[in-house]
1. Is it the case, given these coordinates, that Ser144 is in a helix (DSSP H, G or I), open to solvent by 10 Å² or more (accessible area, probe 1.4 Å) and either among the small types (Gly, Ala, Ser) or touching a residue at least 60 places away in the same chain (Cβ under 8 Å) (or both)?
2. State which residue pairs qualify: first residue within 14 Å of Tyr182 (Cα to Cα) and inside segment 152-164, second residue open to solvent by 80 Å² or more (accessible area, probe 1.4 Å) in any location, beta carbons under 9 Å apart, and separation of 6 or more residues or different chains.
3. If you check Asn222, Asn262, Asn234, which single one turns out to be closer than 24 Å to Met78 by Cα, at pLDDT 90 or above, over 15 Å from the mean Cα position of the chain (by Cα) and open to solvent by 10 Å² or more (accessible area, probe 1.4 Å)?
4. Given the residues Asp81, Asp60, which is the only one that is among the acidic types (Asp, Glu) and closer than 23 Å to Val193 by Cβ?
5. Quick one: how many residues across segment 180-214 are assigned to a strand (DSSP E or B), open to solvent by 50 Å² or more (accessible area, probe 1.4 Å) and under 23 Å from Ile73 (Cβ atoms)?
6. Please enumerate the residues belonging to segment 160-177 that are open to solvent by 60 Å² or more (accessible area, probe 1.4 Å) and of a type outside the set (S, T, N, Q).
7. State which residue pairs qualify: first residue on the phi > 0 side of the Ramachandran plot and inside segment 248-267, second residue at pLDDT 85 or above and among the aliphatic types (A, V, I, L, M) in any location, beta carbons under 9 Å apart, and separation of 6 or more residues or different chains.
8. Among the listed residues Glu77, Glu98, Glu61, Glu55, identify the single one that is open to solvent by 30 Å² or more (accessible area, probe 1.4 Å), of a type in the set (D, E, K, R) and under 18 Å from Gly244 (Cβ atoms).
Amino acid sequence: MPRINKEELELELLLLAIFRLSGYDFRQYMKSSIMRRVQNRLNQERLSNIASLTERVIHDEAYLNKILGDFSINVTEMFRDPSFFNALRKEVVPYLKELPEIRIWHAGCSTGEEVFSMAILLEEEGLRDRAKIYATDMNEKVLSKAEQGIIPLQKMQTYTKNYMLAGGKQSFSEYYTADCEYAYLNPNLLEKVVFAQHNLVTDRSFNEFHVIICRNVLIYFNVKLQSHVLDLFNESLSANGFLGLGSKESIRTEANFFEDFNMKEKIFQKKELKYVAIR
């Protein structure tokens, strides 16, 4: 009989139960990342094994939703990695200015901070009126938060610094009002933003885009799922469109439909198709 790692088997059964009950498929996420979240939940609930967690997930819909929240990645900030946004402004925006209309997809947008950053960048470059931003995430709860455009005031000092390092052209405070607890983004910034639920694992392309931003999401996927998502992005990008990834992410050489545009900032461009005449 082959030796079986019972903890791995329990994890497989948990992920299968989640998929069968909710439609959310985490079976191709990095096992180490999923296991950390499972262990954290076990510790919080003082459960001895994953099988106990699976039993609760099967019989308690509220508990299933709690686990789905655990598995959703919601780490973000405005103008995160300012040099990335500076590169967008200086190197990608000139291409966008040649287009009559611009479609941008923020995939895995979480609570929307990078979407807000893009909206400000487009405003400052005179592109807001002809651009539409599609902001998607698998988690409806964080999407609802993103739609509100409300940010804890304590974060704005960091975001202001990021904005200036990203090449901001105005006083950052002009883009929001504030009370003693929260900053409220100017409503006009979100007029051209469409928030919608989309699951990169199971859902298909829904439009053609000139820019796709998906930062620090692929690091949670295994190689097979990364390949699937890159195929989705290739299908969704217009000719010569741009893909922006996170600082710790890269594209394998076999994904030959993209080429380096700014290697340091992980900005890639879809390769132009070259047709060879058949004689």
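1. Against the criterion (in a helix (DSSP H, G or I), open to solvent by 10 Å² or more (accessible area, probe 1.4 Å) and either among the small types (Gly, Ala, Ser) or touching a residue at least 60 places away in the same chain (Cβ under 8 Å) (or both)), Ser144 qualifies.
2. Here the result reads Pro152/Glu181; Pro152/Tyr182; Leu153/Cys180; Leu153/Glu181; Leu153/Tyr182; Gln154/Glu181, each pair linking segment 152-164 to a residue that is open to solvent by 80 Å² or more (accessible area, probe 1.4 Å).
3. Matching residue, one of Asn222, Asn262, Asn234: Asn262.
4. Only one candidate qualifies: Asp81.
5. So the count comes out to 2.
6. Across segment 160-177, the qualifying residues are Lys161, Met164, Leu165, Lys169, Glu174.
7. Short answer, once both residue conditions are applied: Lys266/Leu243; Lys266/Leu245.
8. Being open to solvent by 30 Å² or more (accessible area, probe 1.4 Å), of a type in the set (D, E, K, R) and under 18 Å from Gly244 (Cβ atoms) holds for just one of Glu77, Glu98, Glu61, Glu55, which is Glu77.
The values are calculated or read from the model by the stated rules, or taken from the named source; none is laboratory data. Please read these numbers as outputs of a predicted model, since none were measured by experiment. Cβ: placed from backbone, ideal geometry, glycine included. Neighbour counts: every protein chain shown. SASA here: full protein model, heavy atoms, side chains in, ligands and nucleic acids out. Shrake-Rupley method; radii C 1.70, N 1.55, O 1.52, S 1.80 Å.
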